[in-house]
Amino acid sequence: MKADHLIEMANQIGMFFDSLPDREEALTGIAEHIRKFWEPRMRRTLLAALDGNGEEAGLSEIVAAALTKYRDALVPAATA
(Lines give C-alpha, C1' and ligand atoms only; values in the text may rest on other atoms or scores of the structure.)
Protein backbone atom coordinates (compact mmCIF):
# COMPACT_ATOMS: atom_id res chain seq x y z
CA MET A 1 0.00 0.00 0.00
CA LYS A 2 1.04 3.53 -0.59
CA ALA A 3 2.00 5.63 2.41
CA ASP A 4 -0.37 8.47 1.51
CA HIS A 5 -3.38 6.15 1.63
CA LEU A 6 -2.26 4.70 4.97
CA ILE A 7 -1.74 8.19 6.36
CA GLU A 8 -5.25 9.14 5.27
CA MET A 9 -6.68 6.04 6.96
CA ALA A 10 -4.66 6.64 10.14
CA ASN A 11 -5.86 10.25 10.27
CA GLN A 12 -9.47 9.06 9.99
CA ILE A 13 -8.89 6.74 12.94
CA GLY A 14 -7.26 9.61 14.78
CA MET A 15 -10.24 11.88 14.10
CA PHE A 16 -12.56 9.33 15.69
CA PHE A 17 -10.46 8.87 18.81
CA ASP A 18 -9.67 12.59 19.09
CA SER A 19 -13.31 13.11 20.07
CA LEU A 20 -12.70 11.25 23.34
CA PRO A 21 -12.35 13.57 26.33
CA ASP A 22 -9.36 11.61 27.73
CA ARG A 23 -6.28 12.16 25.55
CA GLU A 24 -4.44 9.12 26.93
CA GLU A 25 -7.43 6.94 26.11
CA ALA A 26 -7.44 8.41 22.61
CA LEU A 27 -3.73 7.71 22.06
CA THR A 28 -4.13 4.16 23.34
CA GLY A 29 -7.19 3.62 21.15
CA ILE A 30 -5.40 4.76 18.00
CA ALA A 31 -2.41 2.52 18.65
CA GLU A 32 -4.54 -0.48 19.62
CA HIS A 33 -6.69 -0.17 16.52
CA ILE A 34 -3.66 -0.01 14.25
CA ARG A 35 -1.94 -2.88 16.08
CA LYS A 36 -5.00 -5.15 15.96
CA PHE A 37 -6.36 -4.45 12.49
CA TRP A 38 -3.43 -3.43 10.30
CA GLU A 39 -1.16 -6.03 8.81
CA PRO A 40 2.61 -5.79 9.47
CA ARG A 41 3.42 -4.26 6.05
CA MET A 42 0.91 -1.48 6.65
CA ARG A 43 2.35 -0.73 10.08
CA ARG A 44 5.92 -0.72 8.75
CA THR A 45 4.98 1.72 5.98
CA LEU A 46 3.16 4.04 8.40
CA LEU A 47 6.06 4.04 10.87
CA ALA A 48 8.48 4.75 8.01
CA ALA A 49 6.36 7.77 7.07
CA LEU A 50 6.55 8.93 10.68
CA ASP A 51 10.33 8.51 10.66
CA GLY A 52 10.73 10.20 7.31
CA ASN A 53 8.56 13.24 7.60
CA GLY A 54 6.09 12.92 10.49
CA GLU A 55 3.56 15.72 10.33
CA GLU A 56 5.11 16.96 7.10
CA ALA A 57 3.97 13.67 5.56
CA GLY A 58 0.40 14.55 6.51
CA LEU A 59 0.03 12.71 9.80
CA SER A 60 -2.25 14.51 12.23
CA GLU A 61 -0.72 15.56 15.54
CA ILE A 62 -2.68 12.98 17.55
CA VAL A 63 -1.76 10.12 15.22
CA ALA A 64 1.92 11.09 15.26
CA ALA A 65 1.77 11.24 19.07
CA ALA A 66 0.13 7.80 19.31
CA LEU A 67 2.63 6.23 16.90
CA THR A 68 5.54 7.74 18.79
CA LYS A 69 4.28 6.76 22.23
CA TYR A 70 3.32 3.19 21.32
CA ARG A 71 5.93 2.52 18.63
CA ASP A 72 7.35 -0.56 20.35
CA ALA A 73 3.94 -2.22 20.39
CA LEU A 74 3.33 -1.34 16.73
CA VAL A 75 6.59 -2.62 15.26
CA PRO A 76 5.85 -6.02 13.72
CA ALA A 77 7.75 -8.97 15.10
CA ALA A 78 10.67 -10.06 12.95
CA THR A 79 10.01 -13.17 10.90
CA ALA A 80 12.53 -15.92 10.67
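The values are calculated or read from the model by the stated rules, or taken from the named source; none is laboratory data. Everything numeric in this text was worked out from a predicted model, so none of it was measured. Cβ sites come from the backbone with ideal geometry, for glycine too, and all protein chains shown count toward neighbours.
Odds and ends about this structure:
- Taking the numbered list (1) in a helix (DSSP H, G or I); (2) surrounded by fewer than 16 Cβ atoms within 10 Å (Cβ to Cβ); (3) not polar (S, T, N, Q) in turn, A77 passes all entries but (1).
- Candidate set from segment 1-41 (those that are surrounded by fewer than 17 Cβ atoms within 10 Å (Cβ to Cβ) and outside any helix (DSSP H, G or I)); member that is modelled with the lowest pLDDT: M1
- Tabulated pairs, segment 48-77, first modelled with pLDDT under 95, second of a type in the set (A, V, I, L, M) and in a loop (DSSP other than H, G, I, E, B), C-beta under 7 angstrom, 6+ apart or interchain: A49/L59; L50/L59
- Cross-chain or 6+ apart pairs with Cβ under 8 Å, segment 30-42 first and touching a residue at least 24 places away in the same chain (Cβ under 8 Å) and more than 20 Å from K2 (Cβ to Cβ), then buried (at least 16 other Cβ atoms within 10 Å of the Cβ) and among the basic types (K, R): R35/R43
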